[in-house]
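Everything on this sheet refers to the single structure shown next.
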Amino acid sequence: MAEKNETLGLNVKKSDNLSEWYTQLVQKAELADYSSVSGCMVLRPNSYAIWENIQKIFDSMIKNTGHKNAYFPLFIPEHLLMKEKEHVEGFAPEVAWVTHAGNTKMKERLAIRPTSETIMYESYANWIRSWRDLPLLINQWCNIVRWEFKYPKPFLRTREFLWQEGHTVHAEEKEADKEVMDVLGMYKDLMENYLAIPVLTGKKTDKEKFAGAVYTMTLEAFMPDGKALQMGTSHMLGQNFAKAFKIKFLGKDEKYHIPWQTSWGISTRMIGAIIMVHGDDNGLVIPPKIAPIHAVIVPIIFDKSKEDILKKAEEIKNKLKKYNIEIDKRDEYSPGWKFHEWELKGVPLRIELGPKDLEKSQVVLVRRDTGEKEFVKITELNKKVKQTLDEIQKNLFTKAKKFMDSNIVEVDNWKDFLKAIKAKKIPKAFFCGEKECEESIKFESDGATSRCIEPDKESGKCIKCGKKAKYKVYFSKSY
């Protein structure tokens with residue numbers, strides 16, 4: 001039997017070198033591959049299947065609340081991108097431009113979509129005429145290109161990535177505010193109840209909000225290296241873009257009004273979060289609710305019992321038909337090699353079936369998250385699989401939540417703030433809210449930025465400048 005242990009497993013521990021561990025896991029678990037285009041990656045079937053499951057879950061959520069999917073062009077004429085000043089200034093360094101068609105220089109440059117507000121709102125101005133056209137609730141699943149960064153990291157920071165972006169238009173401000181918070185709630189549900197990743201939610205500071213937005217709500221996860229990862233955002237755009245793109249509607253009062261808009265998005269960087277938060281020294285650990293494969297049956301095959309074992313494996317797969325089950329029938333690898341491979345790929349459950357198990361009408365059920373093994377009667381397998389998958393899902397979230405909560409520290413002086421950042425913690429501190437002070441915090445703490453505002457209203461003095469604080473803020477370094 002073939003053995004490839006020297007290439008199969010990870011040769012670095014997660015706690016020793018997270019960056020190298022992550023890089024090895026992404027490649028050895030066949031999640032992504034590098035391409036000849038700098039900063040761009042290939043999503044292999046193992047990761048794309050996770051993204052498809054995320055799509056299905058969230059797509060169902062938004063369709064149940066009246067949103068519809070559409071698709072808009074990848075290319076954005078320069079004059080459109082320039083229509084909202086603050087917006088274009090925020091994205092200008094990241095825009096990739098198309099300047100030639102063949103050998104012919106184009107009359108106007110085309111931006112490769114860094115985000116779709118401008119190309120979508122050109123259409124919205126034509127579609128919206130009266131209050132009867134509102135609310136307009138549109139989402140699109142697409143790719144995005146943002147060119148400026150120095151150090152690419154698969155899923156977490158790449159020049160091209162996949163995402164969804166919702167863009168809605170409302171007759172009244174309060175409806176738009178509600179949309180922002182409703183979507184934030186759906187995102188939180190997705191991240192915590194499906195991805196098993198706890199998130200901090202709150203408003204971004206003025207410095208960190210989306211370019212062109214009135215305010216931005218964010219969801220921040222905490223990675224094992226002490227860095228925050230922005231998992232998703234929901235923006236109140238106010239009337240800024242509507243004014244720039246001349247979007248207006250005839251109200252019930254027979255007068256013209258300017259509508260209120262929102263935009264919101266999540267991306268494939270969530271796959272990077274799943275890897276970092278749940279993965280261990282044996283490889284990937286996928287939460288059952290988004291796992292492309294729920295369990296793999298590994299037959300322990302000997303010549304005499306091969307036919308009976310494989311027949312029983314098929315029966316078990318059929319018995320568990322409401323789950324996605326694989327049978328590893330490969331002859332060229334030993335059972336031990338297969339165990340390691342499926343652990344590396346993060347499949348939640350392994351079902352071992354050998355001659356002795358066949359005699360006793362049982363299987364060995366192995367959990368990916370804890371490695372615990374249990375003998376289970378085949379007649380009880382359906383019930384046990386459901387119970388165990390539920391337990392794995394719950395355990396992954398509980399473990400991640402405990403880690404995040406234990407790394408949040410309240411600080412009331414600058415010395416303790418710096419100490420917390422150095423210790424890879426999330427300091428929560430009073431902050432004045434001024435952009436200059438925030439720049440100073442980032443510079444003097446070697447890169448710590450505000451992640452989100454704590455919703456509780458308390459009074460105090462800014463951790464850095466000592467002025468009266470506007471609010472309490474979570475700070476950390478970030479991806």
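No value in this document is a laboratory result; all are computed from the given coordinates. Treat the numbers as computed from the prediction; the structure is a model and nothing was measured. Here the Cβ positions follow ideal geometry from the backbone for every residue, glycine too, while neighbour counts run over all protein chains shown.
For a Förster distance of 45 Å, can you work out the FRET efficiency between the beta-carbons of Tyr71 and Cys465, rounded to the nearest 0.05?
In this case the efficiency is close to 0.45.
What residues qualify as long-range amide H neighbours of Glu454, i.e. H under 5 Å apart, gap of 5 or more or another chain, H built at 1.01 Å from N?
Amide H to amide H, under 5 Å and 5 or more residues apart or across chains, Glu454 pairs with Lys472, Val473, Tyr474.
Give me the dipole magnitude in Debye, nearest 20, for the range 233-274 about the Cα centre, with unit charges on the beta carbon: positive for Lys and Arg, negative for Asp and Glu.
So the magnitude is around 100 debye.
Considering only C-alpha atoms, what is the centroid distance from the range 71-123 to the range 214-239, in Å?
24 Å
Compute the longest continuous run of the chain that contains no exposed GluC sites (Glu not before Pro); treat a site as exposed when its DSSP state is not H, G, I, E or B and it has at most 16 other Cβ atoms within 10 Å.
That would be 31-147.
Taking only DSSP H segments of four or more residues, each worth -39500 (n - 2.57), what value at 222 nm results for the chain once the sum is divided by all its residues, to the nearest 500 deg cm²/dmol? Don't jump to the answer; show the numbers that get you there.
Working: 15 runs with 163 residues, N = 479.
So the calculated ellipticity at 222 nm is -10500 deg cm²/dmol.
What is the Cα centroid distance between the range 367-414 and the range 424-479, reported in whole angstrom?
33 Å
Where does each of Met404, Met106 land when they are ranked from fewest to most other beta-carbon atoms within 10 angstrom?
Met106, Met404
Using +1 at the Cβ of each Lys and Arg and -1 at the Cβ of each Asp and Glu in the chain, identify which of Ile300, Tyr194, Tyr48 lies farthest towards the dipole's positive end.
It is Tyr194.
Which one, Val37, Thr104, Ser234, projects farthest toward the positive side of the charge dipole computed for the chain from Cβ point charges (K/R +1, D/E -1)?
Ser234
Counting only Cα, what are the radius of gyration and maximum Cα-Cα distance Dmax of the range 119-171, in Å?
Using the Cα atoms of the range 119-171, the pair Rg, Dmax is 15.8, 48 Å.
Note the full-extension length gain between Glu86 and Asn395 as 0.36 nm times their separation in residues minus their Cα-Cα distance, in nm to one decimal.
Once the chain is fully extended between Glu86 and Asn395, it gains 106.9 nm.
In square nanometres, what is one fourth of the surface area of the convex hull spanned by the alpha carbons of the chain?
Seen from a random direction, the Cα hull of the chain projects 27.3 nm² on average.
log₁₀ I(q)/I(0) of the range 408-478 at q = 0.12, 0.14, 0.25, 0.27 Å⁻¹, via Debye over equal Cα point scatterers, no solvent, to two decimals?
-0.24, -0.33, -1.15, -1.36
What FRET efficiency comes out for Asp182 versus Phe302 if R0 is 60 angstrom and r is the Cβ-Cβ distance? Round to the nearest 0.05.
Given R0 = 60 Å and the Cβ-Cβ separation, E is 0.55.
Rounded to whole Hz and in sequence order, give me ³J(HN,Hα) for the range 449-461 from the Karplus expression 6.51 cos²θ - 1.76 cosθ + 1.60, θ = phi - 60°, writing x for Gly and Pro.
Calculated HN-Hα couplings, in order: 10, 6, 9, 6, 8, 5, x, 5, 8, 10, 10, x, 10 Hz.
In Å and whole numbers, how far do the C-alpha atoms of the range 360-479 stretch along each principal axis, longest first?
72, 28, 20
Pop a pseudo-label 7 angstrom from the Cα along the beta-carbon direction at both Val42 and Ser334 and give the gap in nm to one decimal.
Each label point is offset 7 Å from its Cα along the Cβ direction, giving 3.1 nm.
What lysines does Lys63 reach when the alpha-carbon gap must be under 23 Å and sequence neighbours fewer than 8 apart in one chain are set aside?
Cα-Cα hits under 23 Å: Lys174, Lys178, Lys188, Lys289.
Considering the Cα trace of the range 293-390, what is its radius of gyration and what is Dmax, both in angstroms?
Cα only, the range 293-390: 12.3, 37 Å (Rg, Dmax).
Nearest 5 is fine: what % of DSSP beta bridges in the chain come out antiparallel, could you say?
80 percent
Relative contact order of the range 172-277: what whole-number percent is it, with Cα pairs under 8 angstrom and at least 6 residues apart?
Normalised by residue count, the contact order of the range 172-277 is 27 percent.
Just add up the charged neighbours of Trp97: K/R +1, D/E -1, any other residue whose Cβ is under 9 Å from the Cβ of Trp97.
Residues near Trp97 contribute 0 overall.
When a footprinting reagent is the concern and you count Cβ atoms within 10 Å, what order do Asp182, Asp405 take, fewest first?
Asp405, Asp182
Just want the ordering: Trp141, Trp342, from fewest to most Cβ atoms lying within 10 Å of their own Cβ.
Numbers: Trp141 15, Trp342 22.
Going from sparsest to densest Cβ surroundings: Trp141, Trp342.
Amide H of Ile197: which non-local residues (sequence gap of 5 or more, or other chain) have their own amide H closer than 5 Å, using H built in the peptide plane?
Glu192
To the nearest 0.05, what FRET efficiency results for Lys424 and Glu326 with a Förster distance of 35 Å applied to their C-beta separation?
Values: r = 38 Å, r/R0 = 1.08.
After rounding to 0.05, the efficiency reads 0.40.
Under a crude label model (7 Å from the Cα following the beta-carbon direction), how far is Trp147 from Val409 in nanometres?
Distance between label points: 4.2 nm.
Which far-off residues, 5 or more places away or on another chain, put their amide H under 5 Å from the one on Thr233, with H placed in the peptide plane?
Gly265
Count charges around Gly39 for me, please; just the other residues with Cβ under 11 Å from its Cβ, Lys/Arg as +1, Asp/Glu as -1. Could you put the intermediate results ahead of the total?
On the way: positive: Arg146, Lys150, Lys153, Arg157, Arg159; negative: Glu148, Glu160.
In short, +3.
Kirkwood Rh over Cα pairs of the range 63-199 into Stokes-Einstein at 37 °C, 0.692 mPa s: D in µm²/s?
191 µm²/s
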